[in-house]
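Following: one structure in structure tokens, then a few remarks.
The values are calculated or read from the model by the stated rules, or taken from the named source; none is laboratory data. In this text the structure is predicted, and so the values were computed from the model without any measurement. Virtual Cβ from ideal backbone geometry, glycine too; neighbours counted across all protein chains shown. Keep in mind that these areas ignore ligands, DNA and RNA; they rest on the heavy atoms of the full protein, side chains included. Shrake-Rupley method; radii C 1.70, N 1.55, O 1.52, S 1.80 Å.
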Amino acid sequence: MTITFGPHTIRPGQVFFRSALSYGLVNLKPIAPGHVLVVPHRLVPRFTDLTPDEVSDLFQSAQTIGRVIERQFRGESLTLAVQDGPAAGQTVPHVHVHIIPRRFGDWTNNDDIYVDLEKSSVARVDNPERPPRSEEEMAVEADMLRPLFGETAH
Ligand code: AMP
């Protein structure tokens, strides 16, 4: 089965979680260790395009993934973010929830995380500040995460 994230074809090795209607994806350009994405299987750009079942599955998946990610990356909190449309900073036109483990003091000004989120966009893959990760590096992280989700992860 081909896994798509907007215009990108995703290698199965990058996926660490699957539910009926969503999947969890390690990030090409994470802004912090453990920054992952939750994506509906159906390729639609905007949050309002999702059916009630898809919204429910996406957010239940975000809850499950957030719980594991926070513990695994020794977080004290989580940032969950949806950039819903290009004017809001969305660069991949396929709904996704960013999940980012947070610790006190990780960003000097808390909301500067959104500046870094902007910089991590794939449209700026040539940004030397944050080069994209290799397939191998992403696969190692997905392999580490997958077993933490038991039966739901395929
Ligand atoms: P946004 O700017 O909210 O649309 O977020 C796009 C996110 O997708 C950023 O965190 C990128 O690092 C991430 N991203 C873009 N392309 C890929 C890809 N092929 N695999 C994994 N993550 C990606």
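Contact annotation: residue pairs with Cβ atoms under 7 Å, 6 or more positions apart or on different chains, pairing a residue in region 77-100 that is within 12 Å of Tyr114 (Cβ to Cβ) with a partner that is among the polar types (S, T, N, Q) and near the ligand (Cβ under 9 Å from one of its atoms), are Gln83/Gln90; Gly89/Gln83.
Taken over region 137-152, residues that are at pLDDT 80 or above, among the charged types (D, E, K, R) and surrounded by fewer than 16 Cβ atoms within 10 Å (Cβ to Cβ) amount to 2. Counting only strands (runs of 3 or more DSSP E) that fall entirely inside region 1-42 and contain at least 1 residues that are open to solvent by 60 Å² or more (accessible area, probe 1.4 Å) and within 19 Å of Val82 (Cα to Cα), the qualifying elements are 8-10. Can we say Ser134 is exposed (fewer than 13 other Cβ atoms within 10 Å of the Cβ) and of a type in the set (Ser, Thr, Tyr)? Yes: the conditions hold for Ser134.
Over 18 Å from Ser134 (Cα atoms), within 16 Å of the ligand (Cβ to nearest atom), hydrophobic (A, V, I, L, M, F, W, C) and within 11 Å of the chain's Cα centre (by Cα): does that describe Val39? Reasoning before the result, please.
Working: over 18 Å from Ser134 (Cα atoms): yes; within 16 Å of the ligand (Cβ to nearest atom): yes; hydrophobic (A, V, I, L, M, F, W, C): yes; within 11 Å of the chain's Cα centre (by Cα): yes.
Considered against the rule, which asks whether it is over 18 Å from Ser134 (Cα atoms), within 16 Å of the ligand (Cβ to nearest atom), hydrophobic (A, V, I, L, M, F, W, C) and within 11 Å of the chain's Cα centre (by Cα), Val39 comes out as yes.
Being more than 12 Å from the ligand (Cβ to nearest atom), under 15 Å from Leu145 (Cβ atoms) and of a type outside the set (Ser, Thr, Tyr), is that true of even one residue in region 13-22? Scanning region 13-22 turns up at least one residue that is more than 12 Å from the ligand (Cβ to nearest atom), under 15 Å from Leu145 (Cβ atoms) and of a type outside the set (Ser, Thr, Tyr).
Would you pick out the residues in region 61-90 that are assigned to a helix (DSSP H, G or I) and among the hydrophobic types (A, V, I, L, M, F, W, C)? Show your work before the answer.
First, pick out the residues of region 61-90 that are assigned to a helix (DSSP H, G or I): 61-72, 86-88.
Scanning region 61-90 gives Ala62, Ile65, Val68, Ile69, Ala87, Ala88.
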